[in-house]
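For reference, the structure discussed in these notes is given below.
The values are calculated or read from the model by the stated rules, or taken from the named source; none is laboratory data. Quick caveat, the model's predicted, so the values are computed rather than measured. Here the Cβ positions follow ideal geometry from the backbone for every residue, glycine too, while neighbour counts run over all protein chains shown. Accessible surface areas use protein heavy atoms only, side chains included; no ligands, DNA or RNA. Shrake-Rupley method; radii C 1.70, N 1.55, O 1.52, S 1.80 Å.
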Amino acid sequence: MASITLAARAYQKSFDVRPYTTLAVTNGTLSAIGDAVAQGTQILSAVPGKHDDRPHYDPLRSIRFFAFGAGMGPIIGRWNQFLEKQFPLRSLTNIAPLAAGVKIGGGAGAVQAAPIGIGQVSGMAVAKRVAADQLFMAPIGLAIFIGSMGAMEGRSGAQISEKYADLYKPAILANWQVWPLAQVVNFRYMPLAYRVPFQSTCGIFWNLYLSLLNSSKNTEHSEEDTMRKTLG
């Protein structure tokens, strides 16, 4: 318990000084962990004798997930800040005097703290945050994931387009079944600084799904490339 408290203090201190760098490193690390879990699952579930090429851990794949997560961390942080201002959970008629205008961090990376209202939490504001997140940010984030992974894997434009056609619809439908409840908890109970880490922690299991989904399509492309080379 003490170690968790120390980690939370270290994170908060880092966030206060360099918010977007902290979000990038945190989100990238947790995304890489999600991929490592996915690869471990694939390795352990491989049936001996049914795989000519038994799967092995691919560190470059985890590095790609780290790069994606690191790039998305600051974007999600700014998005959460936008939602905080557009859909305040409490009435802003009475604003905590020290909350308005406070900046977190220094220099160009400073984050403007949203005004903190006083009063009962608005369930409608939570619902609006979740709806905006799932109808706007979730589709964009998934599109960035498929495109960036394909580019980092060295796939051709045609192969990336095929990935979009095959993976986007089932992935976004799965997203809408899983994430709304998690985001209700996130937007309702998590402080602004901890929303990306909370989302990233829940995202370990989501990244497990995405990693397995992405890997299955990569296997198809690899088999197609091998067949083309064989037929020459």
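If we sort 179-188, 163-172 on the protection proxy, mean other Cβ atoms within 10 Å, highest first, what's the order?
On the way: 179-188: 17.3, 163-172: 15.2.
So the order, starting with the most tightly packed, is 179-188, 163-172.
Once you list every other residue whose beta carbon is under 14 Å from the beta carbon of T22, what net charge do they have if Lys and Arg are +1 and Asp and Glu are -1?
Residues close to T22 contribute a combined charge of +4.
When ligands, DNA and RNA are left out and all protein chains stay put, how many square angstrom of accessible area per residue does region 133-173 have with a 1.4 Å probe?
Working: 1860 Å² over 41 residues.
The answer is 45 Å² per residue.
Taking R0 as 22 Å, what FRET efficiency do you get between W176 and L212 from their Cβ-Cβ distance, rounded to the nearest 0.05?
Values: r = 19 Å, r/R0 = 0.85.
Approximately 0.75, to the nearest 0.05.
Just to check I understand the Karplus step: with θ = phi - 60° and J = 6.51 cos²θ - 1.76 cosθ + 1.60, what whole-Hz values come out for region 60-75, glycine and proline as x?
These are the phi-based 3J(HN,Hα) values: 5, 5, 5, 5, 4, 5, 4, 4, 4, x, 5, x, 7, x, x, 5 Hz.
For F136 and T5 in one chain, what is 0.36 nm times their gap in residues minus the Cα-Cα distance, to one decimal in nm?
On the way: separation 131, 0.36 × 131 = 47.16 nm, distance 3.43 nm.
Taking F136 through T5 to full extension adds about 43.7 nm, to one decimal.
Which of the pairs K85/K163; K13/K169; K128/K169 have their Cα atoms more than 32 Å apart in this structure? Please list the in-between numbers first.
Working: K85/K163 36 Å; K13/K169 40 Å; K128/K169 23 Å.
The pairs that break the limit, which is 32 Å between Cα atoms, are K85/K163; K13/K169.
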